[in-house]
Amino acid sequence: MFVDYHIHTEYSDDSDHLMEDVVKDSIAIGLKEICFTDHVDYGVKPDHGDPAMRYYKGIPVLNVDYPNYFKDIAMLQEKYKGQIIIKKGLEFGIQSHTIHKFQKLFDEYPMDFVLLSIHQIEDKEFWLNMYQEGKTIEACYDGYYDEMYNVITKYKDFSCLAHMDLMRRYVDDDADYFEHSYPKIKKILKYLIENNKGIEVNTSHVRYGIKGITPSIEILKLYKKLGGTIITIGSDSHKKEHLGFLINESKDLLKSLGYTKFCTFDNMKPIFHDI
(Lines give C-alpha, C1' and ligand atoms only; values in the text may rest on other atoms or scores of the structure.)
Protein backbone atom coordinates (compact mmCIF):
# COMPACT_ATOMS: atom_id res chain seq x y z
CA MET A 1 0.00 0.00 0.00
CA PHE A 2 1.15 3.47 -0.95
CA VAL A 3 -0.26 5.77 1.76
CA ASP A 4 0.53 9.19 3.22
CA TYR A 5 -0.50 9.86 6.81
CA HIS A 6 0.64 13.44 7.39
CA ILE A 7 -0.93 15.96 5.01
CA HIS A 8 -1.73 19.67 5.33
CA THR A 9 -4.14 21.71 3.23
CA GLU A 10 -5.49 25.25 3.04
CA TYR A 11 -7.07 24.56 6.43
CA SER A 12 -3.57 24.92 7.93
CA ASP A 13 -2.27 28.47 8.03
CA ASP A 14 1.07 27.38 6.55
CA SER A 15 -0.35 25.71 3.43
CA ASP A 16 -2.40 26.79 0.44
CA HIS A 17 -2.79 23.32 -1.11
CA LEU A 18 -6.55 23.04 -1.64
CA MET A 19 -8.07 19.95 -0.05
CA GLU A 20 -9.69 18.66 -3.22
CA ASP A 21 -6.47 19.29 -5.16
CA VAL A 22 -4.66 17.18 -2.57
CA VAL A 23 -7.04 14.33 -3.35
CA LYS A 24 -6.64 14.72 -7.12
CA ASP A 25 -2.86 15.00 -6.83
CA SER A 26 -2.73 11.96 -4.55
CA ILE A 27 -4.70 9.86 -7.02
CA ALA A 28 -2.44 11.05 -9.84
CA ILE A 29 0.72 9.73 -8.14
CA GLY A 30 -0.91 6.46 -7.10
CA LEU A 31 -1.59 6.97 -3.41
CA LYS A 32 -4.18 4.47 -2.21
CA GLU A 33 -4.94 6.11 1.14
CA ILE A 34 -4.36 9.51 2.68
CA CYS A 35 -5.11 11.12 6.02
CA PHE A 36 -5.62 14.85 6.43
CA THR A 37 -3.82 16.14 9.54
CA ASP A 38 -4.18 19.90 9.56
CA HIS A 39 -2.71 22.03 12.35
CA VAL A 40 -4.27 22.86 15.70
CA ASP A 41 -2.01 24.77 18.11
CA TYR A 42 -3.90 26.16 21.07
CA GLY A 43 -2.00 28.71 23.10
CA VAL A 44 -0.45 30.34 20.03
CA LYS A 45 -3.41 30.19 17.62
CA PRO A 46 -7.05 31.09 18.23
CA ASP A 47 -10.04 29.34 16.71
CA HIS A 48 -12.10 30.91 13.94
CA GLY A 49 -14.38 33.56 15.39
CA ASP A 50 -12.13 34.22 18.38
CA PRO A 51 -11.68 37.99 18.80
CA ALA A 52 -8.07 37.48 19.89
CA MET A 53 -6.79 37.36 16.31
CA ARG A 54 -3.10 36.93 15.54
CA TYR A 55 -1.31 37.80 12.31
CA TYR A 56 2.00 36.83 10.74
CA LYS A 57 3.12 39.02 7.85
CA GLY A 58 -0.46 40.19 7.49
CA ILE A 59 -1.90 36.65 7.33
CA PRO A 60 -4.31 35.45 10.05
CA VAL A 61 -2.80 32.73 12.24
CA LEU A 62 -5.70 30.42 13.08
CA ASN A 63 -6.56 26.87 13.98
CA VAL A 64 -8.62 24.72 11.63
CA ASP A 65 -12.15 25.81 10.72
CA TYR A 66 -13.50 22.55 12.14
CA PRO A 67 -17.11 22.46 10.83
CA ASN A 68 -16.08 23.16 7.25
CA TYR A 69 -12.99 20.96 7.49
CA PHE A 70 -14.89 17.83 8.46
CA LYS A 71 -17.73 18.70 6.08
CA ASP A 72 -15.27 18.89 3.18
CA ILE A 73 -13.60 15.62 4.12
CA ALA A 74 -16.98 13.86 4.18
CA MET A 75 -17.84 15.32 0.77
CA LEU A 76 -14.52 14.21 -0.72
CA GLN A 77 -14.82 10.72 0.78
CA GLU A 78 -18.10 10.31 -1.08
CA LYS A 79 -17.01 12.01 -4.31
CA TYR A 80 -13.81 9.96 -4.69
CA LYS A 81 -15.09 6.68 -3.29
CA GLY A 82 -13.48 3.79 -5.12
CA GLN A 83 -10.52 5.90 -6.23
CA ILE A 84 -8.80 6.60 -2.92
CA ILE A 85 -9.41 6.08 0.80
CA ILE A 86 -9.56 9.36 2.72
CA LYS A 87 -9.24 9.46 6.51
CA LYS A 88 -10.01 12.36 8.82
CA GLY A 89 -7.41 13.48 11.31
CA LEU A 90 -5.69 16.46 12.86
CA GLU A 91 -2.23 17.34 14.10
CA PHE A 92 -2.51 18.44 17.72
CA GLY A 93 0.31 20.78 18.77
CA ILE A 94 -0.30 20.25 22.48
CA GLN A 95 1.25 22.00 25.47
CA SER A 96 0.74 21.07 29.10
CA HIS A 97 -1.55 24.04 29.73
CA THR A 98 -3.67 23.49 26.60
CA ILE A 99 -4.60 19.83 27.12
CA HIS A 100 -8.16 20.66 28.21
CA LYS A 101 -8.85 22.49 24.93
CA PHE A 102 -7.71 19.54 22.85
CA GLN A 103 -9.81 17.16 24.91
CA LYS A 104 -12.89 19.26 24.21
CA LEU A 105 -12.07 19.33 20.50
CA PHE A 106 -11.50 15.58 20.31
CA ASP A 107 -14.75 14.88 22.15
CA GLU A 108 -16.68 17.03 19.67
CA TYR A 109 -15.45 15.64 16.34
CA PRO A 110 -15.03 11.92 15.51
CA MET A 111 -11.65 11.23 13.93
CA ASP A 112 -9.68 8.33 12.51
CA PHE A 113 -6.22 9.51 13.49
CA VAL A 114 -4.53 12.13 15.67
CA LEU A 115 -0.88 13.11 15.45
CA LEU A 116 0.50 14.58 18.68
CA SER A 117 3.23 17.16 18.23
CA ILE A 118 5.25 19.39 20.50
CA HIS A 119 5.62 22.60 18.45
CA GLN A 120 6.05 25.10 21.28
CA ILE A 121 6.49 25.23 25.05
CA GLU A 122 4.95 27.89 27.31
CA ASP A 123 3.58 29.45 24.10
CA LYS A 124 7.14 29.99 22.86
CA GLU A 125 7.39 28.92 19.23
CA PHE A 126 10.31 26.78 18.09
CA TRP A 127 10.18 28.04 14.49
CA LEU A 128 10.53 31.64 15.66
CA ASN A 129 13.44 30.69 17.97
CA MET A 130 11.46 31.98 20.96
CA TYR A 131 11.90 28.83 23.05
CA GLN A 132 15.56 28.23 22.16
CA GLU A 133 16.73 31.77 22.85
CA GLY A 134 19.28 31.88 25.68
CA LYS A 135 19.37 28.08 26.10
CA THR A 136 22.08 25.56 25.33
CA ILE A 137 21.25 22.84 22.82
CA GLU A 138 21.20 20.31 25.65
CA ALA A 139 18.75 22.44 27.63
CA CYS A 140 16.50 22.74 24.57
CA TYR A 141 16.34 18.97 24.21
CA ASP A 142 15.82 18.44 27.94
CA GLY A 143 12.86 20.82 28.05
CA TYR A 144 11.45 19.42 24.81
CA TYR A 145 11.42 15.79 25.94
CA ASP A 146 10.25 16.69 29.45
CA GLU A 147 7.26 18.51 27.97
CA MET A 148 6.58 15.61 25.61
CA TYR A 149 6.50 13.10 28.46
CA ASN A 150 4.31 15.37 30.55
CA VAL A 151 1.80 15.78 27.73
CA ILE A 152 1.55 12.12 26.69
CA THR A 153 1.04 10.98 30.27
CA LYS A 154 -1.84 13.42 30.74
CA TYR A 155 -3.55 13.31 27.34
CA LYS A 156 -4.70 9.96 25.98
CA ASP A 157 -6.64 10.59 22.78
CA PHE A 158 -3.90 10.48 20.18
CA SER A 159 -2.58 7.87 17.79
CA CYS A 160 1.11 8.59 17.16
CA LEU A 161 3.84 11.03 18.11
CA ALA A 162 4.75 13.14 15.09
CA HIS A 163 8.39 13.88 14.12
CA MET A 164 9.52 12.83 17.59
CA ASP A 165 12.92 14.56 17.48
CA LEU A 166 11.58 17.74 15.86
CA MET A 167 14.01 19.86 17.90
CA ARG A 168 16.74 18.84 15.43
CA ARG A 169 15.12 21.09 12.85
CA TYR A 170 15.74 24.15 14.99
CA VAL A 171 18.97 23.68 16.94
CA ASP A 172 21.43 21.49 14.99
CA ASP A 173 20.66 19.95 11.59
CA ASP A 174 23.71 17.68 11.72
CA ALA A 175 23.31 16.05 15.16
CA ASP A 176 20.38 14.50 17.01
CA TYR A 177 21.79 14.48 20.58
CA PHE A 178 20.39 10.97 20.99
CA GLU A 179 22.99 9.90 23.54
CA HIS A 180 22.37 12.97 25.68
CA SER A 181 18.58 12.46 25.55
CA TYR A 182 18.60 8.64 25.70
CA PRO A 183 17.03 8.25 29.19
CA LYS A 184 14.19 10.65 28.36
CA ILE A 185 13.60 9.12 24.91
CA LYS A 186 13.52 5.60 26.33
CA LYS A 187 11.03 6.61 29.02
CA ILE A 188 8.77 8.18 26.39
CA LEU A 189 8.94 5.18 24.05
CA LYS A 190 8.24 2.72 26.85
CA TYR A 191 5.19 4.71 27.88
CA LEU A 192 3.91 4.83 24.29
CA ILE A 193 4.30 1.08 23.89
CA GLU A 194 2.63 0.30 27.21
CA ASN A 195 -0.34 2.46 26.19
CA ASN A 196 -0.70 1.24 22.60
CA LYS A 197 0.48 4.46 21.00
CA GLY A 198 2.81 4.79 18.05
CA ILE A 199 5.36 7.00 16.35
CA GLU A 200 5.58 8.25 12.79
CA VAL A 201 8.33 8.27 10.22
CA ASN A 202 8.26 11.83 8.87
CA THR A 203 9.92 12.27 5.48
CA SER A 204 10.18 16.07 5.56
CA HIS A 205 13.78 15.90 6.81
CA VAL A 206 15.09 16.30 3.26
CA ARG A 207 13.42 19.63 2.56
CA TYR A 208 14.47 20.94 5.98
CA GLY A 209 18.09 19.94 5.40
CA ILE A 210 18.24 17.58 8.39
CA LYS A 211 20.98 14.98 8.32
CA GLY A 212 19.18 11.65 8.62
CA ILE A 213 15.54 10.67 8.84
CA THR A 214 13.04 11.97 11.41
CA PRO A 215 12.95 10.43 13.93
CA SER A 216 16.53 9.28 13.88
CA ILE A 217 17.62 5.75 13.06
CA GLU A 218 18.61 5.39 16.72
CA ILE A 219 15.08 6.20 17.89
CA LEU A 220 13.56 3.81 15.35
CA LYS A 221 15.92 1.06 16.48
CA LEU A 222 15.15 1.69 20.15
CA TYR A 223 11.38 1.70 19.55
CA LYS A 224 11.72 -1.67 17.79
CA LYS A 225 14.00 -3.08 20.53
CA LEU A 226 11.53 -2.07 23.24
CA GLY A 227 8.71 -3.86 21.42
CA GLY A 228 7.12 -0.98 19.51
CA THR A 229 4.99 -1.97 16.51
CA ILE A 230 2.63 0.94 15.77
CA ILE A 231 4.27 3.12 13.15
CA THR A 232 2.91 5.37 10.41
CA ILE A 233 4.64 7.11 7.51
CA GLY A 234 3.87 10.65 6.40
CA SER A 235 5.34 13.30 4.15
CA ASP A 236 4.22 16.27 6.28
CA SER A 237 2.99 17.62 2.96
CA HIS A 238 2.18 21.31 2.53
CA LYS A 239 2.50 21.44 -1.26
CA LYS A 240 1.77 19.23 -4.26
CA GLU A 241 5.40 18.25 -4.67
CA HIS A 242 5.60 17.01 -1.08
CA LEU A 243 2.89 14.36 -1.44
CA GLY A 244 4.10 10.78 -1.12
CA PHE A 245 7.72 11.88 -0.84
CA LEU A 246 10.04 9.03 0.26
CA ILE A 247 7.11 6.97 1.56
CA ASN A 248 8.12 3.74 -0.16
CA GLU A 249 11.80 4.33 0.59
CA SER A 250 10.87 4.71 4.26
CA LYS A 251 9.15 1.33 4.19
CA ASP A 252 12.37 -0.15 2.83
CA LEU A 253 14.29 1.49 5.65
CA LEU A 254 11.90 0.15 8.27
CA LYS A 255 12.22 -3.32 6.77
CA SER A 256 16.01 -3.09 7.01
CA LEU A 257 15.62 -2.28 10.72
CA GLY A 258 13.53 -5.37 11.33
CA TYR A 259 10.02 -3.93 11.07
CA THR A 260 7.53 -6.12 9.23
CA LYS A 261 4.41 -3.93 9.46
CA PHE A 262 3.31 -0.32 9.21
CA CYS A 263 -0.06 1.15 10.12
CA THR A 264 -3.01 3.04 8.85
CA PHE A 265 -5.87 4.00 11.18
CA ASP A 266 -9.63 3.76 11.28
CA ASN A 267 -11.72 5.26 14.08
CA MET A 268 -8.52 5.71 16.15
CA LYS A 269 -7.61 2.03 15.84
CA PRO A 270 -4.39 0.88 14.09
CA ILE A 271 -4.61 -1.39 11.06
CA PHE A 272 -1.41 -3.30 10.33
CA HIS A 273 -0.10 -3.84 6.80
CA ASP A 274 2.84 -5.90 5.58
CA ILE A 275 5.83 -3.88 4.45
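The values are calculated or read from the model by the stated rules, or taken from the named source; none is laboratory data. Everything numeric here is computed off the predicted structure, so don't read it as measured data. Ideal geometry is used to build each Cβ from the backbone, glycine not excepted, and the neighbour counts take in all protein chains shown. Areas reflect the complete protein model, heavy atoms only, side chains present, ligands, DNA and RNA absent. Shrake-Rupley method; radii C 1.70, N 1.55, O 1.52, S 1.80 Å.
Just to be sure I understand, how many residues within region 253-275 are part of a loop (DSSP other than H, G, I, E, B) and either open to solvent by less than 70 Å² (accessible area, probe 1.4 Å) or of a type outside the set (V, I, T) (or both)?
6
Which pairs have Cβ atoms under 6 Å, sit 6 or more apart or on different chains, and link a residue in region 129-154 that is under 27 Å from H100 (Cβ atoms) to one that is acidic (D, E) and loosely packed, with under 12 Cβ neighbours inside 10 Å?
none
Those residues that are more than 20 Å from Y223 (Cα to Cα) and either acidic (D, E) or in a strand (DSSP E or B) (or both), I need them from region 147-172; list them, please.
Across region 147-172, the qualifying residues are D157, D172.
Which numbered condition trips up S250, out of (1) surrounded by fewer than 21 Cβ atoms within 10 Å (Cβ to Cβ); (2) in a helix (DSSP H, G or I); (3) at pLDDT 95 or above; (4) not aliphatic (A, V, I, L, M)?
Result: S250 fails condition (1) only.
Out of (1) assigned to a helix (DSSP H, G or I); (2) at pLDDT 95 or above; (3) open to solvent by 50 Å² or more (accessible area, probe 1.4 Å), what's the single condition that is false for Y144?
It is condition (3) that Y144 fails.
Let me spell it out: the conditions are (1) modelled with pLDDT of 95 or more; (2) farther than 22 Å from H97 by Cβ, and I59 meets all of them except one. Which number is the exception?
Of everything listed in (1) modelled with pLDDT of 95 or more; (2) farther than 22 Å from H97 by Cβ, I59 misses just condition (1).
Considering only region 1-33, how many residues are in a helix (DSSP H, G or I) and of a type in the set (K, R)?
1
In region 223-241, how many are without any contact (Cβ under 8 Å) to a residue 40 or more places away in the chain and surrounded by fewer than 23 Cβ atoms within 10 Å (Cβ to Cβ)?
Here the count works out to 5.
So which residues in region 98-138 are surrounded by 12 or more Cβ atoms within 10 Å (Cβ to Cβ) and in a helix (DSSP H, G or I)?
Within region 98-138, T98, I99, K101, F102, Q103, L105, F106, I137, E138 qualify.
Just to be sure I understand the filter: pairs with C-beta atoms under 7 Å, separated by 6 or more residues or on different chains, first member in region 25-50 and of a type in the set (F, W, Y), second member at pLDDT 95 or above and open to solvent by 40 Å² or more (accessible area, probe 1.4 Å). Which pairs pass?
Short answer, once both residue conditions are applied: F36/K88; Y42/K101.
Can you tell me which residue among I199, I185, I152, I210 is open to solvent by less than 30 Å² (accessible area, probe 1.4 Å) and modelled with pLDDT under 95?
After applying the criteria, what remains is I210.
Restricting attention to region 182-222, which residues are small (G, A, S) and either without any contact (Cβ under 8 Å) to a residue 40 or more places away in the chain or in contact with a His (Cβ under 8 Å, 6 or more places away or on another chain) (or both)?
S204, G209, G212
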